[in-house]
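What follows is a set of notes on a single structure, which appears directly below.
The values are calculated or read from the model by the stated rules, or taken from the named source; none is laboratory data. Just so you know, these numbers come straight off a predicted model, no measurement behind them. Glycine also receives a Cβ, built like all others from the backbone with ideal geometry; neighbour counts cover every protein chain displayed. These accessible areas exclude ligands, DNA and RNA; they are computed on the full protein's heavy atoms, side chains included. Shrake-Rupley method; radii C 1.70, N 1.55, O 1.52, S 1.80 Å.
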Amino acid sequence: QYLRLCAPWPVRIERRTGPSERRDQPSEDRRISIAKDVSAGGIGMAVKEIVPVGSQIYVEIFIPPLNRTICAKGQVVRVAGQRNNFDLGVRFVQIDPEERTALNEAILQFYTPKQQARHQGTWRRKAA
């Protein structure tokens, strides 16, 4: 549905294991990561510790082309790897519509109009 960009952008994730999911409460589990790929619908990232499939996490992604941070609630949908090297696939389940649009527009900057027109859900491009 969204174009995906291979972009090594900084990411912070917080996993909440208690009943409270309020963002103003201290996190029980916070990790810093680097994005492997980003779209307006989710993110792929590398982490050193496993986060189980189905986990609800909060994601903060710094978007260099926008010079701002985008926040979203996500669900881990894929985990691959071993030892201290895991790849997570996270689907955004809650993101402000304006932030989703801003993220999508930042990603589109890396694609030509022709590439955008040919997009069928499989296009990936590296960020410069």
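Quick one: count up the residues across the range 87-104 that are open to solvent by 80 Å² or more (accessible area, probe 1.4 Å) and more than 15 Å from Arg15 (Cα to Cα). Selection size over the range 87-104: 2. Residues of the range 61-86 that are of a type in the set (D, E, K, R) and surrounded by 14 or more Cβ atoms within 10 Å (Cβ to Cβ): Lys73 alone.
For the range 80-107, a tally of residues being over 14 Å from the mean Cα position of the chain (by Cα) and in a strand (DSSP E or B) returns 5.
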